[in-house]
Amino acid sequence: MKIAFITYDGCLSSSISLPLEMLNAAAETHRAINNQAVYKPQVFGNLRKVQAAGGLNIHTDSHPRNINDVDLIIFPAIWRNPLTVIRRHHYLLELLKQWHEKGINLCAVGTSSSFFAEAGLLHQRPATTHWGYFNQFQKRYPEVQLEKNFLITRAKNIYCAGSVNSVADLIIYFIEIFYGSDIARRVEANFSPEVRQSYAKSMYNEGEHTRHSDEDIARLLNWLNENYAKKVTAQKMADLLGISIRTLNRRFNTATRQSPQDYLRTVRIGHAKELLQKSNLSVAEVAEQCGFNDNSHFGSAFKKVVSMPPSEYREAVKTKLFSSGTTA
C-alpha cells in the first residue's frame, strides 16, 4: 500500500500524524507477519519544510509533482478559510485532475474537500466537509451534493472525511482493503477503540446508499434501536412489517448492506461498549442489558466486532477516561 500525504502552510498536523501513525502500524505489522519489506508513507509539499497551523514544522520528502504509482493521496484539513490556502497552492488543482484520471484514491480531510470542489471533481457528487464550513461550502459549490448527516462520503475514488476522527475510521477501511481484516482490527484496537465508528455506519457511498429509500426498513431500524435489549427474532421483525423472512432479508440487505441479525448485533455491541466504559456493571450484567442471554455468546460476538474481549476493552477505555478528581 503506497500512501502520499500532501502538506501546505496552515494544514492541521493532526490530520497527517494520526493517519500516518496508523498506516505505519499497519505496515510494520504486515512486515512482521509476512517478513516482507513495506512501503513507508511519504509526505509531499512545495517546500522542504512546511509550517502547520499549530506552528509545527513538517519536513517533506519531495514535491507533489513527483508523486507516482501510489494507491492513496491524502489532503489534510485546513485551519480557517481554505480558499486562502487554495489560492497559494493553485498548482494542486491540475495535479488533482491528473491523479483522479489515473484512478488514484483521493481523500480530503475536513475543509480540504474545497480543493476537490475547486478542481471540479465533486460536480453532482456527494461530499462532506467540516461542520463549521457547511454554509460557506454550500454557497460556493451549489453543484456539490453536500451530505451534512454523514462523516464520510465516497464518490468512486474520491473520499471526504469531515474531521480527524472520521478520517481515522476511513484509514481503518483502507488498511482492511490493502492489508486484510486481521491487521485492520489490530490497528483499530490500538488507536482509541472507544471513539471509533464503523466506516460503513459513517459513510455515504455514491450509487449505493439507500438506507432511507425503504420506509418500512427505516421504521424497523428505529424499532431495533429502541428494542435491542429484548428478544428479537427474524420472525418477529418480519411480522412487524407484514412480510416473509426471505423478503425481510432481501430488503434489509438492499437498504443497509447488512443482514438484520448483523445490524442488531452491531447495535447491541455499540451499547455494550458504552456501558463497559461508563458503568460499573459486571460483564454478565452488560450482556443481559444488551440483549445477550448467554455470557459466552456475548463474549464471542463482542470480540468478533471489537477484536478484544469485553473485560480487556473495559480496561483499555477506563484507563483513558479523564477524572476531574485526579491530580498530577
Among Ser259, Ser62, Ser279, determine the one that fluctuates most according to a GNM of the chain built with springs between C-alpha atoms less than 10 Å apart. Ser279
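Any idea what the alpha-carbon Rg over 2.2 N^0.38 Å comes to for segment 215-318?
1.13
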Using alpha carbon coordinates only, what is the Rg to Rh ratio of the chain, with Rh defined as the Kirkwood radius? 1.00
Determine which aspartates and glutamates satisfy two conditions relative to Lys102: a Cα distance under 17 Å, and not lying fewer than 8 residues away in the same chain. Asp69, Asp71, Glu94
Cα atoms only, segment 61-125: Rg and Dmax in Å? 11.4, 35
For Lys2, the residues 5 or more places away or on another chain with a placed amide H closer than 5 Å to its own amide H are Asp71, Leu72
Any trypsin sites (Lys or Arg not before Pro) in segment 221-309 that lie in a DSSP loop and have at most 16 other Cβ atoms within 10 Å would be Lys230, Lys231, Arg257
Could you run the Karplus curve 6.51 cos²θ - 1.76 cosθ + 1.60 with θ = phi - 60° over segment 153-166 and give me ³J(HN,Hα) per residue in whole Hz, x for Gly and Pro? 10, 9, 10, 6, 9, 10, 10, 10, 10, x, 7, 5, 4, 6
Expected sort for 149-157, 5-13 on mean C-beta neighbours within 10 Å, highest first, is 5-13, 149-157
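Each value in this text was obtained by applying a stated rule to the coordinates, not by laboratory testing. Everything quoted here is computed from the prediction, not taken from an experiment. We place every Cβ from the backbone using ideal geometry, glycine too, and count neighbours over all the protein chains shown.
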